[in-house]
Every structure is written in C-alpha cells, then in structure tokens.
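Comments concern the structure below.
Where a number appears in this text, it was derived from the coordinates with a stated rule and is not lab data. Keep in mind it's a predicted model, so treat the numbers as computed, not measured. A quick note on method: Cβ atoms are made from the backbone with ideal geometry, for glycine too, and the neighbour counts reach across all protein chains shown.
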C-alpha cells in the first residue's frame, strides 16, 4: 500500500468502515510509515476530541492520545487476526465437508454399480472383517460317522483312543505264556 492510499483510508479507519483485509493492510502500512502514522494520530486526536465534546457523560480528566490510538490499533489488529483465523477454519471445514460428500457420492455410485455395499472401497477400508483362523490338519480331515469307543482327555488337548478287540491270532498261545 502506498501513502496516498493509506491517507485516503484514515477516516474510514477511524469510523470503522474498512473491511478486515483493508484494516490489516492499513495498520501494516501505518506501523511502517512514520508520515502516515503521524497523519493518523492527528486525525484520530481531532476525531476523538470532537467525540468527547459531544459526549458530556464521559470522564474528561486526562487523555493520552498516543496511548488511545495505540490501544485502538492493537484492538483492531486482534479483531482482524481473530476474523482471519475464523475464516481459515470455516474454509477448512467447508473443504472437509466437500471431501466427505465426494467420498459418499463415489461410494454410492460403486454400490449402485456393483449392487451391494460390501463391494465398495469404503466398506473394504472400514469393515471389521477379520481373516478366519487357519485350520489345523486335524480340523481338515473328515470326521467319521462312527463314534469312538473310548475317549481319554489330557490337560493339553483332547485325544481319542480307539481300542481294537483282540483276536485269537494276536493272542499268544497258553503254552507260550506259561513258559
């Protein structure tokens, strides 16, 4: 901003008629330009003094115009900063809402094309689907329909014990046993 533009903005600044962006630019220029700062101080003093004459209810003891102007500049800078922060967060929120809407539209289109919500990318990313546990060899063998004759349990795992009836061929002869 040049000095001519800043000097044209002095009265709109004092009357609170500048936008946040204009106020920010104006204050930045006035803080760096001694001539414009002095010009603002003169106009501010005149405006404030006239305002004090019109308003008899105010305490008119002692006024430090430089301090009043500095306080006004700080307050306006703070207000402009807060507005800029709020504008940033509004834009961020709008961008996030747009992204969310786009994701939902893409998901809806995928669901319409495929015919099910389970086949969409969003579902596959957030579904609480876990892989089934790996099956052991014993689980993959077919289960016989014949129940086991005897069952014995241990502390570690269940074991099935099958007893086979002894036949005469497998039994030792009585004469062999006696010997």
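Assorted remarks:
- Ranked list, fewest to most other Cβ atoms within 10 Å of each Cβ, for 45, 120: 45, 120
- Relative exposure of 83, 29, 16, judged by other C-beta atoms within 10 Å (fewest first): 16, 83, 29
- Look at 27, 46 and count the other Cβ atoms within 10 Å of each Cβ; fewest to most, that gives 46, 27.
- Approximate spin-label separation residue 37-residue 124, in nm, with each point projected 7 Å along Cα-to-Cβ: 6.4 nm
- The mean sequence distance of close C-alpha pairs (under 8 Å, at least 6 residues apart), as a share of the length of the stretch 3-98, puts its relative contact order at 30 percent.
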